[in-house]
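S.K.: Here it is, the structure in full.
The values are calculated or read from the model by the stated rules, or taken from the named source; none is laboratory data. Source: prediction; values computed, not measured. Every residue, glycine among them, receives a Cβ derived from its backbone with ideal geometry; neighbour counts consider all protein chains shown. Heads up: the accessible areas ignore ligands, DNA and RNA and are worked out on the full protein's heavy atoms, side chains in. Shrake-Rupley method; radii C 1.70, N 1.55, O 1.52, S 1.80 Å.
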Amino acid sequence: MLLIPCPYCGERPELEFRCGGEAHIARAADPSAVDDGAWSEFLFSRGNPKGLYAERWNHAHGCQRWFNAIRDTASDRFVESYKMGEKRPLPGGE
Amino acid sequence: MRRFSLRTLIAEAFNAHQGWERQWRNPEPKPAYDVIIVGAGGHGLATAFYLASEHGVTNVAVIEKGWLGGGNTGRNTTIIRSNYLYDESAGLYEHAVKLWEGLSQALNYNVMYSQRGVLMLAHNVHDVQSFKRHVYANRLQGIDNEWLTPEQAKAFCPPLNISRDLRYPVLGGALQRRGGVARHDAVAWGYARAADALGVDIIQNCEVTGFRRNASGAVEAVETSRGTIKAKRVGVVAAGHTSVILARAGLRMPLESFPLQALVSEPVKPVFPCVVMSNAVHAYISQSDKGELVIGAGTDQYVSYSQQGGLHVPMHALDAICELFPQFSRMRMLRSWGGIVDVTPDRSPIIGKTAVPGLFVNCGWGTGGFKATPGSGHVFAHTLATGEPHPLNAPFTLDRFRTGRLIDEAAAAAVTH
């Protein structure tokens, strides 16, 4: 079981959390202006890398707040977590 | 290839079994092939076999980062069935079941396909309605699937607890009698041996590091840890690592890779006659020919390539097993492991072209790819040989995520999502 660093509560066991998938996928500012390919990219395409991955977590059975975290998907080790709205702290950030 | 038969077995018995040859060669990569298949799991090896045997394309290499059959082919719970809801999926999986039925003869290798029946349990009103809908749909598709009352389910599978006192009592089940299990390693080995005999090069310990493209953008070579190998067409059949490999061709896929866990018990005498799966309480169980109970657990909630997962996931499956089959409450579990499964948004596979000319993909089998191995290889071989999909895999394009023509099999997939 993962030990997940909530930026508000500190490290807590995985059972308290829900994973929200890849972070930093922005919805189009003008949704009716983009074509089907861009919608498909937004809805379905994911980075799914073997290595560092920014993903969203919800501390559902704790403070109930959403946050982002960087985790290495090859080792499952968390590198860093940060609050929603903050810039991704590692290269590749948006 | 020296054929296996009773005659050769008896002859070798008098020869202290010293005359058996290696089952496949271990060749050095040639500079160029007509087709390169990336990934020597069941699906990739089956693709190579059908390319050579049905389409006459024998200048084929299957390249593999590790060893053949070492990924999900050797890690799954070997359940085979075809009672899917939609015509597209039912057609594809039934194609596979029909090939399974003749596979040992076709490969001259015993894959031990045992049609002991797959029973899917219903625990609530929604399950009952959903499974009956599947039964009716399958009847129209010509696929066997029948509804059993709890008493009939108990008669078919005596260890089953149908007491009304369960937290999630058994309200019935859908039974596919032609479903069952097969020996997973034998599937990889049988396809490897048969494909090798037809001239296919299986190159292990050879990792794909990139793709070389010509001026028009089409794939012309694969760069590997053992040098550059030219190819007219490339098929990627890499399961959980598909996103990683296709990212090297600049593609972003609608896939997420999750750990899926399984475990086996200590071996015991035959106690369990069929395969039972329950999506609602999450239990998948059968007994292997060695006597171990083979138990499938769920996926972890996060993307990972670590081939392990949280212990709470198999514990959840064992809770359900112990309630449904109280006789197993004192069984000891020997091993658990994880495989990395590539899951698509609609839980159906992607078999066909990519945006890169000459580069094809067969992926997204998620939690239920083993059952499709022969059918998947068969239609993908057709796709690679002709450049166009077989009618059975034509609906399973990558483009369906743009057009919206999804094949939403979430309700029928083996593992709840």
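S.K.: Can you list residues from other chains, or at least 5 along the same chain, whose modelled amide H is less than 5 Å from the amide H of B:Ala32?
M.R.: It is B:Lys230, by chain and number.
S.K.: Can you give the relative contact order of chain B as a percent, counting alpha carbon pairs under 8 Å and 6+ residues apart?
M.R.: Details: 961 pairs, mean separation 91.5, N = 417.
Relative CO of chain B lands at 22 percent.
S.K.: I would also like to ask the following. Identify the trypsin sites (Lys or Arg not before Pro) of segment B:124-173 meeting these criteria: DSSP loop state and at most 13 other C-beta atoms within 10 Å of the C-beta.
M.R.: B:Arg164, B:Arg167
S.K.: Output the Cα-based Rg and Dmax of segment A:3-93 in Å, rounding Rg to one decimal and Dmax to a whole number.
M.R.: 14.4, 42
S.K.: Which cysteines does chain A leave without a neighbouring Cys Cβ under 4.7 Å?
M.R.: Singleton cysteines: A:Cys19, A:Cys63.
S.K.: Another one. Please list, ordered by chain and number, the residues whose modelled amide H lies under 5 Å from the amide H of A:Glu80; skip anything fewer than 5 residues away on the same chain.
M.R.: So A:Glu80 has HN proximity to A:Ile70.
S.K.: Another question, if that's okay. Among B:Val125, B:Val303, B:Val200, whose mean-square fluctuation peaks in a Gaussian network model of chain B (Cα, cutoff 10 Å)?
M.R.: Among B:Val125, B:Val303, B:Val200, the largest GNM mean-square fluctuation belongs to B:Val125.
S.K.: Something else about it: Step through the residues of segment B:68-84 one at a time and calculate ³J(HN,Hα) from phi using the Karplus curve (6.51 cos²θ - 1.76 cosθ + 1.60, θ = phi - 60°), rounding each to whole Hz and writing x for Gly and Pro.
M.R.: Coupling constants for segment B:68-84: 5, x, x, x, 5, 4, x, 10, 8, 9, 6, 7, 10, 7, 9, 7, 8 Hz.
S.K.: Identify the trypsin sites (Lys or Arg not before Pro) of segment B:210-309 meeting these criteria: DSSP loop state and at most 11 other C-beta atoms within 10 Å of the C-beta.
M.R.: B:Lys290
S.K.: Let me ask you something else. Calculate for the protein assembly as shown the 222 nm mean residue ellipticity that helices alone would give, adding -39,500 (n - 2.57) per DSSP H run of length 4 or more and normalising by residue count, nearest 500 deg cm²/dmol.
M.R.: So the calculated ellipticity at 222 nm is -7500 deg cm²/dmol.
S.K.: Mind checking which lysines have their C-alpha under 25 Å from B:Lys98, skipping anything on the same chain fewer than 8 residues away?
M.R.: Partners found: B:Lys132, B:Lys371.
S.K.: May I ask you to evaluate 6.51 cos²θ - 1.76 cosθ + 1.60, the Karplus curve with θ = phi - 60°, for each residue of segment B:313-324 and list the ³J(HN,Hα) values in order in whole Hz, giving x for glycine and proline?
M.R.: Rounded to whole hertz, the list is 6, x, 4, 4, 5, 5, 3, 5, 4, 5, 6, 6.
S.K.: Ok, one more. Return the single residue from B:Gly180, B:Gly296, B:Gly227 with maximal mean-square fluctuation; model: Gaussian network over chain B, springs between Cα atoms under 10 Å.
M.R.: B:Gly227
S.K.: Just reorder B:Trp100, B:Trp20, A:Trp66 by solvent-accessible area, largest first, 1.4 Å probe, all chains present.
M.R.: A:Trp66, B:Trp20, B:Trp100
S.K.: Of B:Trp67, B:Trp365, B:Trp189, which has the most accessible area and how do the rest follow, probe 1.4 Å?
M.R.: Sorted descending by solvent-accessible area, the residues read B:Trp67, B:Trp189, B:Trp365.
S.K.: Sequence gap at least 6, Cα distance under 8 Å: using those rules, report the relative contact order of segment A:1-82 to the nearest whole percent. Don't skip to the end; give the middle numbers.
M.R.: Working: 129 pairs, mean separation 25.6, N = 82.
So the answer I get is 31 percent.
S.K.: So, one more: Which whole-Hz ³J(HN,Hα) couplings does segment A:31-45 yield from phi under the Karplus relation 6.51 cos²θ - 1.76 cosθ + 1.60, θ = phi - 60°, glycine and proline marked x?
M.R.: x, 7, 8, 8, 8, 4, x, 5, 5, 4, 4, 5, 6, 10, 6
S.K.: Can you pull a Stokes-Einstein diffusion coefficient for the protein assembly as shown at 10 °C (1.306 mPa s), Rh from Kirkwood over Cα pairs, as a whole number of µm²/s?
M.R.: Approximately 66 µm²/s, per Stokes-Einstein.
S.K.: Further question on the same structure: Checking the cross-link filter: which lysines have an alpha carbon closer than 19 Å to that of B:Lys232, excluding same-chain neighbours under 8 positions apart?
M.R.: B:Lys30, B:Lys353
S.K.: Which is the longest part of chain A that has none of the trypsin sites (Lys or Arg not before Pro) sitting in a DSSP loop with at most 10 other Cβ atoms within 10 Å? Mind dumping the intermediate values first?
M.R.: Values: sites that count: A:Arg27, A:Lys87.
That gives A:28-86 as the longest site-free run.
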